[in-house]
Every structure is written in structure tokens, then in C-alpha cells.
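The next block holds one structure in the form of C-alpha cells; read it before the comments.
The values are calculated or read from the model by the stated rules, or taken from the named source; none is laboratory data. In this text, all values refer to a predicted model and were calculated from it rather than measured experimentally. A quick note on method: Cβ atoms are made from the backbone with ideal geometry, for glycine too, and the neighbour counts reach across all protein chains shown.
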Amino acid sequence: MNSHSPSIKDYTKLLKKWQKNIIVNVCVITIVTVVLSLIMPKTFTAVAVLMPPQSTSGNTFQSDSVNPLIPLSGLFGNFTDESMNLISIVQSRTVMEKVITKFNLIEFYKVDNMEEALENLEDAAEFKIEEEGTIHISISVATGWFHFNEDEIVAKQLCADITNTFVSELDELNKKMNVERASFHRKFIEERYLQNIKDLHTAENKLKNFQETNDLVSINDQIVSVIESATIIKQKILLDQIQLEIYKDAFIPEHSKLEQLKKEIEEFKFKLNELENGSGRVNESSADKLFLTISDIPDLGLTHLRLQRELEIQTELFKFLTMEYEEAKIEEAKDIPTVQVLDVAKVPERKSKPRRALLVISILLVCLIGNSLVIITYVNYQFNH
């Protein structure tokens, strides 16, 4: 057994001795690697870039507005992240199966059923949201082993066609969902609109009959002011309640907008009660009251003003619902793209993988490292035995 450790000179001698074998070994492995890289499947990837539609928020309800209008187009956009919703749609089984059927991918993937084709398509597809909010849809299609130039042409065209089909199917399904939501809201507004027409006619007839039956009474400015204030508050309560019904379908129950509307309705009801019945203090005398309440108004004048107030409320409600109804019909009839295509998927000119140069370099490095380890192990063995 040698008493000293192997030196660099020992390794160099062995390297020179095996030089020819090492060179042959590296050359053979390199040639095999190059051949494999030429015959192994090539993957081509096509990418489409989308911009989700900007949800028009519309005029959110202002508590100090007597006649707010909420464009229903603001309700048909999603209130969560629009991009995430579109990703969920494009990844849905409905869209996937349509793509598989259109391009007969069961046969292309050489599988037996739809489930296996779905797995292959899911592996080939990538859907992601970039930081700026754009949606990237990319589809990869690979050739087989020992492929020809025609196989590459087919794979290139197929990945672009599948990607663009995903975009069109996403738009169609999203458009269909928007129309269904628009139809629901149109029906809701239509019911309220038709009921309001009946209520308006009833209010008009009641006021007319009252005026014909009774002589008009003289009403002072303070009484008129009280009734007008009550009318405005009642209008706000009705409009808030309508918006609350509309928003219930668009928002989750705990959404801040719903809570805000509920709070406003309660506040308006409290104010209306104060106008109708006073502050509610037990020991408050008539002399202590600074303002009239509705309960202080004589019966005949009160009836007349209440009928007049009801007519004004129904008139304002009619204006509001008429605009809402027209907006709802427009939304339901819309047939425009729901996504903006920034970049249509084009036929790729180059493969996305494998990267031939990187593959060859990696194999060469592994080969060199392997040969080095063999030499080191052999020299150490010789010195220890």
C-alpha cells in the first residue's frame, strides 16, 4: 500500500493514458445526443393575450339624490376580479370539451375517451394573469418521435388554432352568461315597472276623486314643507329598496354595498317616523315643538297632502323605472365581444422545446464530470491497494 496520497501528476498520467478512450466516449455520447435531439418530439407553443372588459361601475347610489339611475351594465360585470372569473370560465369543462370535440383531440392524443383527452389538454394548456391584469392563454402541441416536416407544420397550426378557439369559446360562454344575468334583471325591473304603472294610475285617481269630493283647503307653507320632506324621504326608501333587490343577485350577502343600503334604509325610515310622529319624547308639549309633524296636520288637509305625496312618489318612481327598464332591455340585447384580444395567437415559427443546444451542452458536462469521477476513483483505488 502506498504511504502518500495521489498527486496531480498521477491524475495527469492516467488522463493521458485514457485520453483516446475519453475522447471517443465524449464523441459517441455527443453524436447520440444530437441524433436524439433531432428525432425526439418537438413542442410548439402559441400564445394569445386578452384584456378583460372594464366593468362600468355606473352611478352608485347617492343618498342625497332623489332620482338616481344605476346603469345595469355596471351590474353585469363581475364584482370580484374580472380576470379570475374569465380564467375560471376558460378552464371549465364546458369549454375544454368543445375544444376537444372541434379538433378531434381524442384521436390526436391517441386516447380512448374524453377524460383522458381532458387530462392531455389540461397539461398542454396554460392560463395565467400577468401583473398588469392581462390574461395569457398558451397551448403547446408536440410532434411524435421520428417526425417529418409535415408533422411540424400540423403541430404549429394546431396549437395556434386551439389557442384562438379557447378565446372565441371564452367570449361566447361569457356573453351567454351576461345575457342570462341581463335577462333576470330585465324581468325584475319589468315587474316593478308594470306594477308602478298601476300604482301611478291608482294614485292619480285617488287624488282626483278626493279633489272632486272635497273643497280644496288652504295649506300653509310649513305644512307643505313637512309633506315635501316626507315625500323625498319616502322616494329614497323606495329607490334604495329597489337597488337592494338588484344588488342581492350581484353581490355576496356580506358585501359592503348591501350593508350600506340596508343602513341607509333604516336611517330614512327613522327620519320618516320623526316627520310623521315627532321625536317620540313623552314629555314634549305642543309649545315645545319647533317644527310641525304630519300628525299635527288637520285630517282633511293631511289626507289631501298624503294623496299628493303618494302621486309624487309614484311619478318619480316611474321616471326611475322607465330609464332602468330601457337600460335593461339594451343590456339583454347586446351582442358585442366581452373580451378584448390584444394579441391573436399566431403560428409559431420556432419550437418551444426541447432546446437542442442546451441539451447537448448538458449531456457533455455530465459526460466530462462522469469521466473525471472515474479517473479520481481509479487513481485513489490504485494508491490504496
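Some values worked out for this structure:
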| quantity | calculated |
| --- | --- |
| Any hit, region 193-211, residues being within 17 Å of V95 (Cβ to Cβ) and surrounded by 18 or more Cβ atoms within 10 Å (Cβ to Cβ) | no |
| Matching entry among E204, E150, E126, E169 (being outside the structural domain of R309 (by TED's automatic domain parsing), modelled with pLDDT of 85 or more and over 31 Å from the mean Cα position of the chain (by Cα)) | E150 |
| Any pair with Cβ under 8 angstrom, 6 or more apart, that starts in region 302-318 at a residue that is polar (S, T, N, Q) and ends at one that is at pLDDT 80 or above | Q308/L207; Q314/N196; Q314/D199; Q314/L200; Q314/A203; T315/L200 |
| Test for V341: is it out of contact with any Pro (no Cβ under 6 Å at 6 or more places or on another chain), assigned to a strand (DSSP E or B) and either at pLDDT 85 or above or not basic (K, R) (or both) | yes |
| Residues that are within 15 Å of Q243 (Cα to Cα) and out of contact with any Leu (no Cβ under 7 Å at 6 or more places or on another chain), drawn from region 183-194 | F184, R186, K187, F188, E190, E191 |
| Residues that are under 21 Å from P52 (Cβ atoms) and basic (K, R), drawn from region 117-165 | K128 |
| In region 132-144, residue surrounded by the most Cβ atoms within 10 Å (Cβ to Cβ) [restricted to those that are aliphatic (A, V, I, L, M) and farther than 16 Å from I87 by Cα] | V141 |
| Sole exception among (1) under 30 Å from P348 (Cα atoms); (2) of a type outside the set (A, V, I, L, M); (3) buried (at least 17 other Cβ atoms within 10 Å of the Cβ) for R186, by number | (1) |
| Residue in region 311-326 that is over 30 Å from T213 (Cβ atoms), modelled with pLDDT under 80 and either out of contact with any helix residue (DSSP H, G or I) (no Cβ under 7 Å at 6 or more places or on another chain) or outside the structural domain of L194 (by TED's automatic domain parsing) (or both) present | no |
| Verdict on K176 being surrounded by fewer than 13 Cβ atoms within 10 Å (Cβ to Cβ) and in contact with a helix residue (DSSP H, G or I) (Cβ under 9 Å, 6 or more places away or on another chain) | no |
| Long-range neighbours under 8 Å by Cβ, at least six apart or interchain, first residue more than 21 Å from M40 (Cα to Cα) within region 341-354, second assigned to a loop (DSSP other than H, G, I, E, B) and at pLDDT below 90 | L342/T134 |
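Residue by residue, here is whether (1) under 22 Å from I89 (Cβ atoms); (2) surrounded by 15 or more Cβ atoms within 10 Å (Cβ to Cβ); (3) not hydrophobic (A, V, I, L, M, F, W, C) holds:
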residue: D112; (1), (2), (3): no, no, yes
residue: A117; (1), (2), (3): yes, yes, no
residue: L121; (1), (2), (3): yes, yes, no
residue: A125; (1), (2), (3): yes, yes, no
residue: E130; (1), (2), (3): yes, no, yes
residue: F146; (1), (2), (3): no, no, no
residue: C159; (1), (2), (3): yes, yes, no
